[in-house]
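*Asks:* This structure is in structure tokens; I'll ask about it shortly.
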Amino acid sequence: MSQKSILEIKDLVLNLGEKRILDHLSLEIWPGHIHAVVGPNGAGKSTLANTIMGLKGYLDFDGDILFTKKTVKEFSVDERARQGITMAWQEPARYEGLTVRSFIRAGADDKSEQNCRHALELVGLDPKTYLSRAVDRTLSGGERKRIELASILTMEPKLVLMDEPDSGIDVEALEKIFDAIQYLKNKGTTILLITHSTTVLEKADHAFLICCGQLIEKGSVDKIMQYFGQKCIPCDHKNEPKTE
Amino acid sequence: MNRDQLINALYESIGEACVTDPGIAHIEIHANKVLGVHLVEGLEIEADELKDGIRATLVVKKNTKIDQPVRICFGLMQKTGIQKIDMNIRLEENARVAIMASCTFPNAEEIVHTMDADIDIGKNAEYIYLERHVHGTEGGINVVPKAKIHLHEGAKFRTDFELIKGRCGKIDIDYEADCERNSYLDMVARISGRADDRILINERATLRGDGAHGVLRTSIAVRDRAKAEIKNTLVATAPNARGHVDCKEVVQGEAIANAIPIVEVHHPKAHVTHEASIGSVDSKQLETLMSRGLSEDEATDLIIEGLLSPEGQPF
Ligand SMILES: Nc1ncnc2c1ncn2[C@@H]1O[C@H](COP(=O)(O)OP(=O)(O)OP(=O)(O)O)[C@@H](O)[C@H]1O
Ligand SMILES: [Mg+2]
């Protein structure tokens, strides 16, 4: 293992039902850098994020996950979070009756009103309009994604897994999300972007291409961009996970 | 503790400051003692001490509109005891008042609190009653609120019962409302139970006047081994009566909840609907909060607090 890595995925094998979703996947993430994991639909990107976070249903795997050189395999989601790992969902959860203020405060290091407002401003949402609203179905998917990101900003984590940060986001809001990602990076946070969008990929320092739960290529964004942009030619995967 | 110290302790236990604004009427009752009363124009309160409680009569005079909500604080600071409240509330014709009542039993280990209310809301009068309970963490409390409510023609009554902080212990609510022509009734209860808490709710309303409206809404969260039994009955016997019964329950762990909404319509031009849902906290909601560092218990608390908050109600 390189001295530099903050997260190391070692030979990860995970089956869901009959299917092998992650297939001997290994990769290393460096501290303070923005990494991207790209791959077509169904490649196993969300599964990888869910496994790193330790969500229910993703705990039974072979291989190991090391965070700051120690295994987190036996840790629950909240224990991993207290170590400094957090995640932004592809489709954020909805909460009836829970206000944006309480939601952001829940995970915040500094729970002051000012800090909550600042986080909302960073993701381009007006605190006056949003703080007292509920994080429920009356918010659009894009608004909920930005509120989720605001809550992550106040948490000051070491590693953020961001699953499809651009899905359901318009062009203007996407700029705000990119600003927030840059803000996190400037604070020394490590970021793992999960995406199949080249616009998001461009924001990364390094990238991994996965397909059928396997690592196909890794390296500079330019290199992965070429490979991915050509529809993964010369990769001959049909992107259908193996049936065990 | 002397009188002032007790008043302070009561308010402190609910996280509020004593009322000092002379424009706000208030009354503080500890065990069977009235510690303080402050009235405003048009509001009359008479209270007699009983052996283990208080008998009180509250009257809002005809055409009196009391602008600022009246504060009532009941409670017992000790661990054991009985507090019986006998309340007679009368709003005369065209009167209006809102009451914010707090019931605080922060150290309860073996306490019985009963409330027997007789509420008469005069023609075109408007009454809002919010009751918030703050209990300790032991669960040694038995709360028995009973109310008989009469709404005269054109009267409006809205009540909201909240028991979310601390253990609810055993609670047994029994409310009965009788609604005359063009009156409007809205009864809400929001209660959270844990450990071996027991929640029993029995609410009945009869819409007997032409054009009477009634809504009974209950939101309950139970976890651990807590049990909830909710029976809400709405009967409509007059033309153009409109009613709705809504029961929302969230169940975690080994808790058990049942909800029985009963609607009865005795007139072809009356319309009453009902809705009941029993669900659990979903794993994405939990895991999102846990990924911010909250324990599963803390995350559950927050989700339930939201579900039971006034904002979480389907108004
Ligand atoms: N519980 C499950 N049981 C069986 N197969 C599953 C389960 N969950 C996911 N899969 C399959 O695993 C594969 C990878 O899914 P995953 O959500 O990780 O893909 P992804 O790369 O994030 O795709 P997308 O770009 O569409 O978000 C898919 O083929 C999916 O159908
Ligand atoms: Mg995905």
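The values are calculated or read from the model by the stated rules, or taken from the named source; none is laboratory data. The model shown is predicted, which means the values in this text are computed figures rather than measured ones. Positions of Cβ are backbone-derived with ideal geometry, glycine not excepted, and every protein chain shown enters the neighbour counts. Heavy atoms of the whole protein, side chains included, go into the accessibility calculation; ligands, DNA and RNA do not. Shrake-Rupley method; radii C 1.70, N 1.55, O 1.52, S 1.80 Å.
*Asks:* What's the total number of residues in segment B:98-153 that are of a type in the set (Asp, Glu), in a strand (DSSP E or B) and within 21 Å of B:Ala205 (Cα to Cα)?
*Replies:* 5
*Asks:* Taking strands (runs of 3 or more DSSP E) that fall entirely within segment A:1-91, which contain at least 2 residues that are within 16 Å of A:Lys218 (Cα to Cα) and in contact with a helix residue (DSSP H, G or I) (Cβ under 7 Å, 6 or more places away or on another chain)?
*Replies:* Output list reads A:34-38.
*Asks:* State all residues of segment A:143-163 that are open to solvent by less than 10 Å² (accessible area, probe 1.4 Å) and either more than 20 Å from A:Gly84 (Cβ to Cβ) or among the basic types (Lys, Arg) (or both); if no residue qualifies, say none.
*Replies:* Listed by number, the list holds a single entry, A:Ile147.
*Asks:* Look through B:Arg225, B:Arg198, B:Arg204, B:Arg217 and report the one residue that is open to solvent by 30 Å² or more (accessible area, probe 1.4 Å) and closer than 17 Å to B:Asp178 by Cα.
*Replies:* The conditions single out B:Arg204.
*Asks:* Sticking with this structure for a sec: For segment A:45-62: of the residues being within 16 Å of ligand 1 (Cβ to nearest atom) and open to solvent by 30 Å² or more (accessible area, probe 1.4 Å), which is nearest to the other protein chains (Cβ to nearest Cβ)?
*Replies:* A:Lys56
*Asks:* Shifting gears a bit: Restricting the search to segment A:66-87, which residues are surrounded by 18 or more Cβ atoms within 10 Å (Cβ to Cβ) and either more than 23 Å from A:Leu27 (Cα to Cα) or not polar (S, T, N, Q) (or both)?
*Replies:* Answer for segment A:66-87, where residues must be surrounded by 18 or more Cβ atoms within 10 Å (Cβ to Cβ) and either more than 23 Å from A:Leu27 (Cα to Cα) or not polar (S, T, N, Q) (or both): A:Phe67, A:Val72, A:Phe75, A:Val77, A:Asp78, A:Arg80, A:Ala81, A:Gly84, A:Ile85, A:Met87.
*Asks:* Of everything in segment A:22-44, what is surrounded by 21 or more Cβ atoms within 10 Å (Cβ to Cβ) and more than 11 Å from ligand 1 (Cβ to nearest atom)? Give them in sequence order.
*Replies:* Within segment A:22-44, A:Leu25, A:Ile29, A:Ile34, A:His35, A:Ala36 meet the criteria.
*Asks:* Would you mind telling me which numbered condition in (1) surrounded by fewer than 19 Cβ atoms within 10 Å (Cβ to Cβ); (2) among the β-branched types (Val, Ile, Thr); (3) within 16 Å of ligand 2 (Cβ to nearest atom) A:Thr129 fails?
*Replies:* (3)
*Asks:* Of the residues A:Lys69, A:Lys73, which is of a type in the set (Lys, Arg), away from every other protein chain (no Cβ under 13 Å) and touching a residue at least 40 places away in the same chain (Cβ under 8 Å)?
*Replies:* Result: A:Lys69 is the single residue among A:Lys69, A:Lys73 that is of a type in the set (Lys, Arg), away from every other protein chain (no Cβ under 13 Å) and touching a residue at least 40 places away in the same chain (Cβ under 8 Å).
Yes/no per residue for (1) charged (D, E, K, R); (2) under 20 Å from B:Val281 (Cα atoms); (3) at pLDDT below 95; (4) assigned to a strand (DSSP E or B):
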| site | (1), (2), (3), (4) |
| --- | --- |
| B:Tyr175 | no, no, no, yes |
| B:Asp178 | yes, no, no, yes |
| B:Arg181 | yes, no, no, no |
| B:Met187 | no, no, no, yes |
| B:Ile191 | no, yes, no, yes |
| B:Gly211 | no, no, no, no |
| B:Leu216 | no, no, no, yes |
| B:Ser219 | no, yes, yes, yes |
| B:Asp224 | yes, yes, yes, no |
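*Asks:* If a residue must be closer than 23 Å to B:Val112 by Cα and crowded, with 18+ Cβ neighbours inside 10 Å, how many such residues does segment B:7-33 contain?
*Replies:* Going through segment B:7-33 one residue at a time, the tally reaches 10.
*Asks:* Let me ask something else. Assess whether A:His196 counts as being within 16 Å of ligand 1 (Cβ to nearest atom) and crowded, with 17+ Cβ neighbours inside 10 Å.
*Replies:* For A:His196, the condition - within 16 Å of ligand 1 (Cβ to nearest atom) and crowded, with 17+ Cβ neighbours inside 10 Å - is met.
*Asks:* Having 3 or more residues that are under 25 Å from A:Asn41 (Cβ atoms), more than 12 Å from every other protein chain (Cβ to nearest Cβ) and away from ligand 1 (no atom under 16 Å from the Cβ) is the bar; report the helices (runs of 4 or more DSSP H) wholly within segment A:112-174 that clear it.
*Replies:* Once the helices (runs of 4 or more DSSP H) in segment A:112-174 are filtered for at least 3 residues that are under 25 Å from A:Asn41 (Cβ atoms), more than 12 Å from every other protein chain (Cβ to nearest Cβ) and away from ligand 1 (no atom under 16 Å from the Cβ), what remains is A:141-155.
*Asks:* Run A:Arg94 past the list (1) assigned to a loop (DSSP other than H, G, I, E, B); (2) of a type in the set (D, E, K, R); (3) more than 9 Å from chain B (Cβ to nearest Cβ) and report the number of the one that doesn't hold.
*Replies:* (3)
*Asks:* Right, something else. Which fully enclosed strands (runs of 3 or more DSSP E) of segment B:41-96 have 3 or more residues being out of contact with any helix residue (DSSP H, G or I) (no Cβ under 8 Å at 6 or more places or on another chain) and within 18 Å of B:Asn142 (Cβ to Cβ)?
*Replies:* Strands (runs of 3 or more DSSP E) meeting the threshold: B:80-91.
*Asks:* Among the residues of segment A:88-107, is any surrounded by fewer than 15 Cβ atoms within 10 Å (Cβ to Cβ) and either within 16 Å of ligand 1 (Cβ to nearest atom) or in contact (Cβ under 8 Å) with a residue 24 or more places away in the chain (or both)?
*Replies:* Yes: one or more hits.
*Asks:* On to the next question. Select, from A:Lys19, A:Lys4, the only residue that is open to solvent by 50 Å² or more (accessible area, probe 1.4 Å), within 16 Å of ligand 2 (Cβ to nearest atom) and farther than 16 Å from A:Leu215 by Cα.
*Replies:* Going through A:Lys19, A:Lys4 in turn, the sole match is A:Lys19.
*Asks:* Filter segment A:1-21 down to the residues that are of a type in the set (S, T, N, Q) and either within 16 Å of ligand 1 (Cβ to nearest atom) or in contact with a strand residue (DSSP E or B) (Cβ under 7 Å, 6 or more places away or on another chain) (or both) and list them by number.
*Replies:* Within segment A:1-21, A:Ser2, A:Ser5, A:Asn15 qualify.
For every residue, the table says whether it meets (1) open to solvent by 10 Å² or more (accessible area, probe 1.4 Å); (2) closer than 14 Å to B:Gln83 by Cα; (3) modelled with pLDDT of 95 or more.
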position	(1), (2), (3)
B:Ala98	yes, no, yes
B:Ala108	no, yes, no
B:His113	no, yes, yes
B:Asp116	yes, yes, yes
B:Ile119	yes, no, yes
B:Lys123	yes, no, yes
B:Tyr127	no, no, yes
B:Val134	yes, no, no
B:Gly139	yes, no, no
